[in-house]
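Okay, so here's the structure we're looking at.
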Amino acid sequence: MKEEIDFFKYTKQIPLVPLIYYSEVRSFEIQFPKANLDSQKKYTKRKINKINRFFLYNMDFIRYVESNSTHFDQQYFTRDYLDTYIITYSKFYFQDPEFSTARDMLLGKVKAYQMFIDYLQKRLLKNGKVTKDRINGSAQIPSLKWTASKTALTELVYALHSNRAINNGNVDIKEIATTLQHIFHYDLGDFYKTYSEIKSRKVSRTKFLDELSSALLSQMDKAEE
């Protein structure tokens, strides 16, 4: 069984990931508008939005893979469970029951799409503003990394949601968390649990937000001196 898991989880991914990646690139380039910069931007953004929805929909599985978990490997990466698990990936790719498991193709798509979204972002920048563009309503800046704490970012996520600051409040808190994790290249982990810990604080339950306000006011005061 270990050999079968290793094959579908690791060995098969070696040819599968580039196959999916280059298939997506080819399909994108074939359908890419040949003229009109605005049409090219809109087409690329729609593709990025579609991939972001894919990441959001499969967040639990992605977290399982990125955390190097193994407790569901038998169900995910052996052929014994192929008929008992719902196949969540597109049937565009050929599936051979003797050469597939419930999640090996999904794993390949996750890895390929992580490469493909980088390709699309570079394509968007190439056909638009070089230093800044808008993807999914957010400013696209080459590399932003969150350097404050996990609880600080969790505070920000919940503050944006509770203040209805994004999409007039018509957005799920999980979507806000996912987007900020992607923008800041940061894994919040179980942010629901983190939020529960924040609520049970003895002193300030909005420590990071208080610090933000204080720092901004201090900067304004210095600028007026």
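Counting only residues that are under 26 Å from Phe55 (Cβ atoms), open to solvent by 60 Å² or more (accessible area, probe 1.4 Å) and not in a helix (DSSP H, G or I), the stretch 187-212 holds 2 of them. Quick one: would you say Leu37 is of a type outside the set (Lys, Arg), touching a residue at least 60 places away in the same chain (Cβ under 8 Å) and either at positive phi or open to solvent by 50 Å² or more (accessible area, probe 1.4 Å) (or both)? So Leu37 fits the description; yes.
Being under 22 Å from Arg63 (Cα atoms) and open to solvent by less than 30 Å² (accessible area, probe 1.4 Å) is the requirement here; does Glu155 meet it? Even if it seems obvious, please write down each step before you answer.
On the way: under 22 Å from Arg63 (Cα atoms): yes; open to solvent by less than 30 Å² (accessible area, probe 1.4 Å): yes.
Taking the combined requirement at face value, the residue satisfies it.
Do the conditions hold for Lys150, that is, is it modelled with pLDDT of 90 or more and among the basic types (Lys, Arg)? The answer is yes for Lys150.
Selection of first residues in the stretch 6-31 that are at positive phi and open to solvent by 20 Å² or more (accessible area, probe 1.4 Å) and of second residues that are charged (D, E, K, R) and in a loop (DSSP other than H, G, I, E, B), restricted to Cβ pairs under 6 Å at least 6 apart or on distinct chains, gives an empty result.
Could you pull out the residue among Ala177, Ala215, Ala165, Ala148 that is outside any helix (DSSP H, G or I), free of Cβ contacts under 8 Å to residues at least 40 places away in the same chain and of a type in the set (Gly, Ala, Ser)?
Ala165
What are the pairs with Cβ atoms under 7 angstrom where one residue, in the stretch 61-79, is in a loop (DSSP other than H, G, I, E, B) and the other, located anywhere, is not aliphatic (A, V, I, L, M)? Sequence gap at least six, or different chains. Within 7 Å, the pairs are Phe72/Tyr64; Thr78/Glu4; Thr78/Thr101.
The values are calculated or read from the model by the stated rules, or taken from the named source; none is laboratory data. Note that the structure is predicted; figures quoted are calculated from it, not measured. Note that we place each Cβ from the backbone using ideal geometry, even for glycine, and neighbour counts take in every protein chain shown. Side chains are part of the model used for accessible areas, which takes the heavy atoms of the whole protein and leaves out ligands, DNA and RNA. Shrake-Rupley method; radii C 1.70, N 1.55, O 1.52, S 1.80 Å.
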